[in-house]
1. Being surrounded by 15 or more Cβ atoms within 10 Å (Cβ to Cβ), within 21 Å of the chain's Cα centre (by Cα), aliphatic (A, V, I, L, M) and under 23 Å from A:Leu259 (Cα atoms): is that true of A:Val60 here?
2. Could you list, in sequence order, all residues of segment B:244-268 that are surrounded by 21 or more Cβ atoms within 10 Å (Cβ to Cβ) and more than 10 Å from chain A (Cβ to nearest Cβ)?
3. Out of (1) over 28 Å from A:Leu118 (Cβ atoms); (2) surrounded by 11 or more Cβ atoms within 10 Å (Cβ to Cβ); (3) modelled with pLDDT under 90, what's the single condition that is false for B:Gln276?
4. Within the set of pairs 6 or more residues apart or between chains, which connect a residue that is more than 8 Å from every other protein chain (Cβ to nearest Cβ) inside segment A:65-92 to a residue that is part of a loop (DSSP other than H, G, I, E, B) and of a type in the set (A, V, I, L, M, F, W, C) with Cβ atoms less than 7 Å apart?
5. Is one or more of the residues making up segment A:218-227 assigned to a helix (DSSP H, G or I), in contact (Cβ under 8 Å) with a residue 40 or more places away in the chain and more than 9 Å from chain B (Cβ to nearest Cβ)?
6. Can you tell me which residue within segment A:127-146, out of those that are under 16 Å from A:Val108 (Cβ atoms) and within 14 Å of another protein chain (Cβ to nearest Cβ), is nearest to the chain's Cα centre (by Cα)?
7. Please state which of the following conditions B:Tyr213 fails to meet, knowing it meets all the rest: (1) crowded, with 17+ Cβ neighbours inside 10 Å; (2) aromatic (Phe, Trp, Tyr); (3) more than 30 Å from A:Leu118 (Cα to Cα).
8. Checking the conditions here, which among A:Ala172, A:Ala255, A:Ala224 is buried (at least 16 other Cβ atoms within 10 Å of the Cβ) and either assigned by TED's automatic domain parsing to the domain that holds A:Lys92 or among the hydroxyl-bearing types (Ser, Thr, Tyr) (or both)?
Amino acid sequence: MPGKKILSLWPKYCCIGITLVFLSLFLVLPLFIVFGEALRGGITTYLAAITEPDARKAIVLTLMAAAVSVPLNVLFGLAAAWALTKFDFRGKSLLLTLIDLPFAVPPVIAGFLFVLCLGTNGVLGPLLEAADIRIIFAIPGIIIATLFITFPFVARELIPLMQEQGREEEQAAISLGASGFKTFWHITLPNIKWALLYGAILCNARAMGEFGAVSVVSGHIRGATNTLPLHIEILYNEYNFTAAFAVASLLAMLALVTLIVKSALEWKLKRERQLQSLDEALLPERTVS
Amino acid sequence: MQLKRRRRHFLPGFGLTLGYTVLYLSLLVLIPVAVLGFKAFSLTGDVYWNVISDPRTLAAFKLTFGAALAAATVNTLFGFVVAWTLTRYPFPGHRVVDALVDLPFALPTAVSGIALTTLFARTGLIGRLFAPLGIQIAFAPAGVIVALTFIGLPFVVRTLQPALEDLDPEYEEAALSLGASRLRAFFTVILPTLRPALLTGFALALARALGEYGSVVFISGNMPMRTEIVSLLIMGKLEQFDYEGATALAVITLLLSFLILFMLNMLQWRFSRKTQPAG
């Protein structure tokens with residue numbers, strides 16, 4: 001019996017060992033490198049690197065791209081989830097597939113799509129030029145590319161959840177005379193608020209960190225069209241490693257905050273789902289009594 | 001008429017939300033993709049031939065698809081161990097480790113790119129260990145595989161975890177108590193049940209790796225014919241304003257990746273058909 005016990009324990013320690021070694025080498029070490037290299041020149045150099053004018057402009061542009069794309073994609077996610085889960089219509093699965101399309105398009109190709117449409121030699125190029133509107137190699141291009149890349153995140157979180165929750169609660173509210181908006185605000189939104197926040201957090205992380213697509217449409221104009229990831233690339237290619245890592249540490253902190261909020265929300269969502277299934281399990285008894 | 005419509009859609013807002021969804025989707029995704037499609041059809045065969053016959057293109061495709069396959073394979077193996085450990089053997093701090101698995105997803109690719117390059121360069125903490133053996137990781141094809149492995153890890157683990165949670169240990173215990181060896185129980189009981197999830201995880205990691213740009217450009221060194229990926233080649237064509245060449249490359253890349261993912265889906269479908277009547 002003791003022999004058998006040892007036999008059944010070795011896979012456990014083996015698995016935990018492999019997991020911890022693999023994840024420390026691949027996940028923890030890179031994170032340490034970012035902060036270690038950032039602080040290599042001392043705290044003053046660090047602060048100087050993240051407060052110099054070009055870095056500050058990159059921070060503002062990154063925040064702006066996220067501030068536009070997160071609300072717009074949240075609005076789209078809500079509309080798409082409502083249309084796709086509360087009604088039955090033809091072409092529903094096609095629409096679902098198309099919403100996922102931006103995930104399948106490589107970032108560089110995504111950026112290129114908008115150069116083809118809106119660039120000087122693009123389809124709308126002459127029209128935009130006549131109106132003196134510059135989109136590609138300017139800030140609007142960066143925002144559009146970010147919108148494309150982060151497009152499916154919110155919709156993807158909401159659709160499965162709202163599908164699972166069904167339509168009964170909303171139908172009850174409407175039949176009792178509530179308006180459509182009131183029903184959404186008081187019935188649907190409280191049911192999906194954590195999933196909505198979850199999708200928005202993922203959308204935000206991707207919006208602030210996007211590199212490939214933004215790189216294509218930005219034109220790399222220093223202090224004008226550089227987001228934080230692009231600013232990191234410039235500093236790194238100039239062999240200004242400490243400054244590159246200092247700016248990178250800002251994005252690494254954003255990633256850590258994202259992870260913390262994400263796991264808190266996952267815990268919350270899991271609990272809510274458990275409570276819900278418990279409710280459903282108890283429901284028949286309640287109707288009997 | 002009004003009554004009829006109401007009966008069909010009891011809840012309000014169908015026209016508004018569907019209209020908005022389709023409009024937004026069309027403006028942001030469908031029309032741009034269609035423009036690429038039109039551009040692709042308007043190109044002459046010569047443009048495609050020039051792109052395909054360029055040895056630099058072939059080398060880039062070989063590296064991109066080869067490294068992505070290698071990374072997805074490594075991820076499937078290690079991702080399985082990680083997911084297994086996290087669901088079956090809760091150890092102190094497993095919650096933190098579980099949250100960390102999503103780091104490659106949350107960390108901007110430019111940041112992971114420069115961090116991995118520093119780590120795996122000849123003087124870096126890990127690269128230093130391999131340098132005496134004559135193995136170069138950063139600025140070599142191996143570096144591309146490292147970056148793509150980092151990027152793809154969460155996809156495999158997050159796909160496997162729910163499948164493993166559903167897998168009742170009773171089945172393997174039954175197999176073990178009936179005299180099967182651990183290895184046999186693993187290969188005949190556990191692995192077949194997890195095959196769909198493993199395949200999905202592999203496909204997701206592969207899809208992500210095929211398009212990855214940010215982390216790779218730093219670690220690969222971008223040497224033509226040796227460490228240049230397709231995305232970088234497209235970028236190069238764009239910088240020279242060779243939009244025709246870029247279109248040809250983009251369309252070929254998209255078609256090849258869709259083909260691979262389609263084949264994986266077919267495989268998935270065959271597996272699920274095979275296992276369903278038995279289960």
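1. Numbers: surrounded by 15 or more Cβ atoms within 10 Å (Cβ to Cβ): no; within 21 Å of the chain's Cα centre (by Cα): yes; aliphatic (A, V, I, L, M): yes; under 23 Å from A:Leu259 (Cα atoms): yes.
So A:Val60 fails the test.
2. B:Gly245, B:Ala248
3. (2) is the only condition that B:Gln276 fails.
4. Close Cβ pairs satisfying both conditions: A:Asn73/A:Phe151.
5. Yes, that holds for at least one residue.
6. Step one: of segment A:127-146, the residues under 16 Å from A:Val108 (Cβ atoms) are A:136-137, A:141-142, A:144-146.
Remaining after also requiring within 14 Å of another protein chain (Cβ to nearest Cβ): A:136-137, A:141, A:144-146.
On the way: A:Ile136: 23, A:Phe137: 24, A:Gly141: 19, A:Ile144: 15, A:Ala145: 14, A:Thr146: 10 Å.
Ranking the candidates gives A:Thr146 first.
7. (3)
8. On the way: A:Ala172 fails: buried (at least 16 other Cβ atoms within 10 Å of the Cβ); A:Ala224 fails: buried (at least 16 other Cβ atoms within 10 Å of the Cβ).
Just one listed residue meets the conditions, A:Ala255.
The values are calculated or read from the model by the stated rules, or taken from the named source; none is laboratory data. Since we're looking at a predicted model, the values are computed, not measured. With ideal geometry, Cβ positions are generated from the backbone for all residues, glycine too; neighbour counts draw on all protein chains shown.
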